[in-house]
Amino acid sequence: MMRPRAAAAFLAVCALTAGSLPFFKVNFRDIAKEANLSTVNVYGGNSRKDYILETTGNGVAIFDYDGDGKNDIFIANGTRLHPKSPVENGAPALYRNLGNDRFENVAQQAGFSVCRRHQIDFGVQSGI
């Protein structure tokens, strides 16, 4: 808990600097379709998760895989584990950044294939 003097000092600093902080407007838009980021992320059941592995989601890494100075995107993918669920296997996606908010999925050319039934990919690491 903050002491009264510390709280007063904090509020005074906030009041003094409030007019000097830059104002900016944030505009979030969903541009996935226009950018060609269209991979369906499959990880477990749609309405419920029967297995703990289905609750963790998949991994994503943003890195420059082709060395062109632009951040590319890798999305691990999975499947549905329940034996009675429809077979919907997700392929890992490797999106090469083409610039100007455009991406190209080059996963097959990079050697990634569709996940097999009951295979889940999750957790992604990248490093330089």
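Observations on the model:
- Every pair of residues 6+ apart whose Cβ atoms lie under 7 Å, when the first sits in segment 95-112 and is among the small types (Gly, Ala, Ser) while the second is part of a strand (DSSP E or B): Ala107/Ala93; Ala107/Leu94; Ala110/Leu94
- Which numbered condition Leu37 fails, given (1) modelled with pLDDT of 85 or more; (2) part of a loop (DSSP other than H, G, I, E, B); (3) over 21 Å from Gly127 (Cα atoms); (4) open to solvent by 60 Å² or more (accessible area, probe 1.4 Å): (4)
- Candidate set: segment 51-65, residues that are open to solvent by less than 60 Å² (accessible area, probe 1.4 Å) and part of a loop (DSSP other than H, G, I, E, B); chosen: the one nearest to Gly123 (Cα to Cα): Gly59
- Being open to solvent by 50 Å² or more (accessible area, probe 1.4 Å) and more than 27 Å from Arg102 (Cα to Cα) is a condition met by no residue of segment 66-79.
The values are calculated or read from the model by the stated rules, or taken from the named source; none is laboratory data. Since this is a predicted model, take the numbers as computed values, not measurements. All Cβ positions, even for glycine, are placed from backbone atoms using ideal geometry, and neighbour counts span all protein chains on display. Ligands, DNA and RNA are excluded from the accessible area calculation, which covers all protein heavy atoms including side chains. Shrake-Rupley method; radii C 1.70, N 1.55, O 1.52, S 1.80 Å.
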